[in-house]
Each structure stands twice: as C-alpha cells, then as structure tokens.
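Trainee: Structure provided below as structure tokens; questions to follow.
Quick note: the coordinates plus some simple rules give every number you see, no bench work behind them. Being a predicted model, the structure only gives us computed values, none of them experimental. Positions of Cβ are backbone-derived with ideal geometry, glycine not excepted, and every protein chain shown enters the neighbour counts.
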Amino acid sequence: MWSIVLMGLAGLLVGGALSFRQQKSPLWVQIVFYLLAGMSLLAAWLLTLPGN
C-alpha cells in the first residue's frame, strides 16, 4: 500500500520539476524535486523487498 503512495508522490514531484523547468526557475529547485522523486521511488522499491 505504501509503495503505491510513494510512487504516486514521485510522479507528482517529477511533474513539479517539469513545471518549474517551464517556469524558468532556478536549477537547484528542479534538482531537489528530482532527488526527492528518486528517493521516493527508492523507498517504494525497498518496501517491496521480502521481509518488510
């Protein structure tokens, strides 16, 4: 259940990063959003491993 929520959060974060890119915001904001999305996907993957 939580892995699905985290994957959805990652999708929203990537969408936010793409939106900030179109708005010509600072590069560091986009990088932070992409990093958070990657960490969310990593957490979702770790939750699917056996033993959790």
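Trainee: Pick out the one residue from S25, S40, S19, S3 that is assigned to a helix (DSSP H, G or I), of a type in the set (G, A, S) and out of contact with any Leu (no Cβ under 9 Å at 6 or more places or on another chain).
Mentor: Residue meeting the stated conditions: S19.
Trainee: Go through the stretch 1-47 and give me each residue that's of a type in the set (S, T, Y) and either within 15 Å of the chain's Cα centre (by Cα) or loosely packed, with under 12 Cβ neighbours inside 10 Å (or both).
Mentor: Residues satisfying the conditions are S3, S19, Y34, S40.
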